[in-house]
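Here's the structure we're looking at; comments come further down.
The values are calculated or read from the model by the stated rules, or taken from the named source; none is laboratory data. Source: prediction; values computed, not measured. Note that each Cβ is placed from the backbone with ideal geometry, even for glycine, and that neighbours are counted across all protein chains shown.
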Amino acid sequence: KVQVIVGLKKYGKTPTAHLEDLGLLGPDFVAAHGVWLDGDDIARLADHGASVAHNPGSNLLLGNGIAAVKLMLERNLNVGIGTDGASCCDNQNMYESLRVAAYGSNAKGPDNAQWLASEEILEAATAGSARALGFGDRLGRIAKGYKADLVFIDLNHINWIPCNDPTNQLVHTEDGTGVHSVMVGGRMVVENRKPVGVDLQALAKKAEAARQRLGEINAPNRILFSKLEGLINAFCPGLAKTPYHINHYAGGNHAH
């Protein structure tokens with residue numbers, strides 16, 4: 001919301017409208033998050049064949065609000081689902097992103113006609129994400145001519161006993177622990193729950209060494225961060241309280 005408010009102050013229009021004026025909107029344009037897009041901005045992106053990368057876990061963790069994904073889909077705007085970076089979401093689990101996308105949609109209000117269906121979420125996470133990346137003609141579907149990017153699920157895992165509604169269970173039940181194997185482009189990269197060709201212990205040691213090294217490098221900056229924390233915590237929420245004609249915080253109104 002802060003970006004929208006600043007855009008209105010600086011350009012006299014939303015950032016999306018400004019980007020349209022600059023000629024930057026098109027099929028290769030992907031708007032990250034899109035939480036504070038209003039109906040006009042959604043129409044702009046849809047008309048130009050652009051996409052939105054919906055990162056529900058990050059949006060909720062940072063208190064940014066809940067994107068109007070249902071409205072985006074109703075207005076034929078392509079939506080993909082992602083996790084955002086580890087610094088913004090902590091968890092890089094795509095299954096969690098699917099579930100949080102559903103919960104976030106439901107949290108907007110009691111009208112279940114406005115909730116995202118499991119089928120819509122799975123479509124966004126697969127074919128929608130492929131289209132956003134520019135690979136809609138070769139990724140995101142199990143079909144002739146498409147890359148063999150496949151996740152094999154263990155149906156004997158507790159998440160799948162009983163196997164009642166596969167789409168619903170992928171979105172609401174699976175958390176990654178039921179994944180048995182993974183194929184990318186026809187090549188197995190995870191087999192029987194073990195990464196192929198990756199030394200996890202060696203990788204873990206490198207990650208820990210990097211954490212220690214970066215901790216030492218950033219130690220002096222933490223003093224500055226602590227001094228600026230109060231100012232930033234007052235400035236950003238203050239701007240976010242600026243009235244706007246849509247409210248995409250939990251329980252707020254939908255865009256129009």
Task: Leading residue by the ranking (farthest from the chain's Cα centre (by Cα)) among those in the stretch 80-101 that are crowded, with 17+ Cβ neighbours inside 10 Å and acidic (Asp, Glu) - done: GLU96
TODO: Have a look at GLY136, GLY145 and point out the one that is more than 26 Å from ARG193 (Cα to Cα), surrounded by 14 or more Cβ atoms within 10 Å (Cβ to Cβ) and either of a type in the set (Asp, Glu) or at pLDDT 95 or above (or both).
DONE: GLY136
Open item on the list: Just the residues that are of a type in the set (S, T, N, Q) and part of a loop (DSSP other than H, G, I, E, B), please, taken from the stretch 4-26.
Closed with: THR14
- [ ] Tell me which of these LEU170 doesn't satisfy, since it passes every other one: (1) at pLDDT 95 or above; (2) farther than 26 Å from ASN59 by Cβ.
- [x] (2)
Task: Positions within the stretch 224-256 being β-branched (Val, Ile, Thr) and either at pLDDT 90 or above or surrounded by 12 or more Cβ atoms within 10 Å (Cβ to Cβ) (or both), in sequence order - done: THR242, ILE246
Open item on the list: Conditions first: (1) touching a strand residue (DSSP E or B) at 6+ places or on another chain (Cβ under 6 Å); (2) over 25 Å from LYS241 (Cβ atoms); (3) crowded, with 23+ Cβ neighbours inside 10 Å; (4) of a type in the set (Gly, Ala, Ser). ALA50 passes all but one, so which condition is the exception?
Closed with: (1)
Task: Cβ pairs under 8 Å, 6+ apart, first in the stretch 117-132 and β-branched (Val, Ile, Thr), second buried (at least 21 other Cβ atoms within 10 Å of the Cβ) and not in a helix (DSSP H, G or I) - done: ILE121/ILE81; THR126/GLY140
